[in-house]
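Structure record follows, encoded as structure tokens.
The values are calculated or read from the model by the stated rules, or taken from the named source; none is laboratory data. All of these numbers come straight from a predicted model, not from anything done at the bench. Here Cβ is always computed from backbone atoms with ideal geometry, including for glycine, and neighbour counts include all displayed protein chains. Accessible surface is based on the protein model in full, side chains and every heavy atom, while ligands, DNA and RNA are left aside. Shrake-Rupley method; radii C 1.70, N 1.55, O 1.52, S 1.80 Å.
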Amino acid sequence: MRHARTIAMATTLLADGRAEDVAEMVTPLLDAITAPAADTGQILLRGRMARVEVAHRDRPGRAFDLLPPIDEIGDACTCVRAEVALWRGWAHARRSDTIDETTRALHLLKESQELFASICDPAGRCWALLGRAQAYDALDEYGLMRRVLDDASALLDRLQDTQAERWLHELRSRVRAEEPADRPVDPTMVVDGFIAESREMQAVAETIRQIQPSHSPVLLTGESGAGKRLVARTIHETSGRADGPVETISCDPTQAGEPLEAQLFGTKGNDASRSGAVQAADGGTLIVEDIDALPPSLQSSLLDLLDTGTLPAEGDEDTEPVDVRVIATTTADLDARVAEGRFEQALRDRLRVISLHVPPLRERRPDIPLLARHFLNQLRPEGSSVVSITQPAMEALLRYNWPGNVRQLRNEIERALVHVQSEPAPTIDLAILSNSIVEGARKSRSSQTSQDDPDAILEPDQTLSDVLSRTEKAVIERVLRACDGQVTASADVLGLTRQGLYKKMKRLNIDASTFQSSSEPTPTA
């Protein structure tokens with residue numbers, strides 16, 4: 001291989017942090033020809049120079065000039081593919097102005113990590129992990145960022161790479177700045193699908209953080225489809241019982257099956273006995289859905305369980321102790337049920353030691369873009385192309401009132417995916433959405449003032465750049481207004497990363513706080 005000694009020497013110098021010495025040595029050796037004509041040695045030289053430009057000089061765009069796209073080197077050896085994927089991935093991660101670019105970075109860096117692992121190259125794997133941390137930082141995914149940094153640190157313990165150690169230190173400082181080590185577990189990082197961009201759901205998340213040390217019962221209220229089951233599971237997963245079992249049982253009388261008492265407490269007989277959900281949840285959490293439909297006889301049994309921590313005894317049998325935390329959900333007004341004599345007051349009071357209301361989707365609109373993207377990723381067939389949502393379609397989703405809440409949004413995304421065409425690019429637009437959603441959006445839009453629609457005609461003292469900036473500012477402000485000033489949700493609608501949107505807001509002098517609600521929600525406990 002040509003330049004083998006130079007490549008080895010450059011690798012050593014880079015590990016010592018002598019990037020400028022590498023640039024001085026390598027630059028004269030670079031040919032004008034790139035892949036597929038370039039040989040292995042030439043591309044590996046360019047890879048060393050790309051590291052200088054991206055990781056030392058902070059000029060990620062130069063990596064694209066130095067290295068060919070990975071699909072142009074299909075027949076190259078593994079080390080070449082790994083090197084190209086690594087530094088083009090790093091370049092995308094360093095720029096990361098849009099979600100698409102950050103996603104591309106993660107794809108390339110993961111491929112690079114796997115390729116380096118296949119040739120037993122721990123240094124390459126370490127740099128791939130550091131690049132993934134860069135991309136996760138752009139997406140504000142600090143839990144994932146910490147995880148890959150821990151993996152990189154384990155590799156660095158066996159390496160001597162001064163520059164990699166500097167990057168590890170810097171990236172870890174960013175994580176610490178965003179998430180202090182003693183901070184309670186973040187619900188949004190524990191349970192897939194728990195989205196809390198809106199202030200209303202941030203209040204729910206904050207309450208979940210506050211009650212993490214508690215083992216007391218919890219009562220969750222909210223409309224059907226609002227996400228009470230997900231919140232209940234999140235409470236379990238962030239509590240001290242997270243390693244224990246979690247069982248869910250519904251009191252809905254329309255659901256067929258064995259008697260509810262047997263489902264809850266099991267059955268005992270001369271021939272055989274069977275445990276119920278309470279015994280199965282011993283040491284963990286029991287989620288009781290539709291608690292308002294629990295029959296009066298079982299209300300007393302559940303109250304005894306909460307008060308004594310034992311199962312109902314039969315005859316002369318001794319009581320059986322169980323350690324179960326109960327989380328109950330309801331769509332009904334339990335106070336009204338108590339007043340009507342249909343629900344025990346003592347059980348209501350015992351259950352709502354901690355009470356938490358899950359807001360309907362129409363009251364948490366900034367969560368809609370992130371929920372829609374979550375469902376798109378969750379529901380699309382494995383191996384299929386990423387599906388995007390056009391801005392008009394996303395605005396329609398934002399304006400609709402969602403009487404069926406999150407469940408209805410999930411169903412709509414699933415229905416839309418069935419009708420998405422793969423060519424020229426899989427996209428959900430207004431034509432694919434249900435008529436009721438599109439009509440609701442049109443009615444909402446017609447009630448808005450025309451202030452959001454700038455006049456795009458050039459005036460005598462204006463340039464085309466002025467008009468484009470004004471149009472861009474109006475679009476960003478309109479999306480910020482629809483998302484209640486939440487930057488992450490707005491960036492998702494616009495197809496930008498949070499950092500990319502912040503750059504545009506700074507350039508266009510946009511203050512997100514002016515679009516936020518003045519009132520702060522107060523969590524109930």
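A Förster radius of 22 Å, combined with the Cβ-Cβ distance separating D157 from D16, puts the computed FRET efficiency at roughly 0.80.
Legend: translational diffusion of region 13-130 by Stokes-Einstein, Rh = Kirkwood radius over C-alpha pairs, 20 °C, 1.002 mPa s; D = 152 µm²/s. Pick out the long, greasy-scoring helices in the chain: whole DSSP H runs spanning 24 Å or more along their own axis by Cα, mean Kyte-Doolittle at least -0.5. Counting only whole DSSP H runs, the qualifying helices are 78-95, 99-118, 122-138, 464-482. For region 182-284, the calculated P(r), taken from all Cα-Cα distances in 10 Å bins from zero up to the bin holding the longest distance, is 13, 39, 30, 15, 4, 0 percent. Using heavy atoms of the protein chains and a probe of 1.4 Å, the accessible area assigned to T267 is about 60 Å². The aspartates and glutamates whose alpha-carbon is closer than 15 Å to the alpha-carbon of K506, local same-chain residues fewer than 8 away aside, are D97, E472, E477. With each label modelled as a point 7 angstrom along the Cα→C-beta vector, the E472-D65 pair spans 2.2 nm. Considering only P28, A396, T254, and ranking their Cα positions along the charge dipole of the chain that arises from unit charges at the beta-carbon of Lys, Arg, Asp and Glu, the one farthest toward the positive end is P28.
For region 347-409, the solvent-accessible area with a 1.4 angstrom probe is 40 square angstrom per residue. Ligands, DNA and RNA are left out, and with a 1.4 angstrom probe the accessible area of region 216-288 is 45 Å² per residue. The computed Kirkwood radius over Cα pairs in Å for the structure shown corresponds, within [x] 24.6; [y] 26.9; [z] 30.9, to [y].
Which lysines have a Cα less than 25 Å from the Cα of K443, not counting those fewer than 8 places away in the same chain? Counting by Cα, and skipping residues close in sequence, K443 has these lysines nearby: K473.
Sorted by mean Cβ packing within 10 Å, highest first, what order do the peptides 83-92, 151-160, 211-220 take?
Order by mean packing, descending: 83-92, 211-220, 151-160.
Expressed as a whole percent, the accessible surface of region 299-440 that belongs to carbon and sulfur atoms is 46, based on a 1.4 Å probe. Calculated accessible area for region 89-213 comes out at 45 Å² per residue, all protein chains present (probe 1.4 Å; ligands, DNA, RNA ignored). Need one number: % antiparallel among DSSP beta bridges in the chain, to the nearest 5. Here the share of antiparallel DSSP bridges comes out near 15 percent.
With Cα atoms defining each centre, region 289-326 and region 95-169 are spaced 51 Å apart in the structure. A Cβ-based charge dipole, computed about the Cα centre of the chain with Lys and Arg at +1 and Asp and Glu at -1, lands at about 1600 debye. The simple spin-label model puts a point 7 Å past each Cα toward its Cβ; for E258 and H215 those points are separated by 2.8 nm.
Net charge dipole, region 1-131: roughly 220 debye, given to the nearest 20, about the Cα centre with Cβ charges of +1 for Lys and Arg and -1 for Asp and Glu. With helices as the sole contributors, the chain gives -16000 deg cm²/dmol at 222 nm; each DSSP H run of n ≥ 4 counts as -39500 (n - 2.57), and the sum is divided by every residue.
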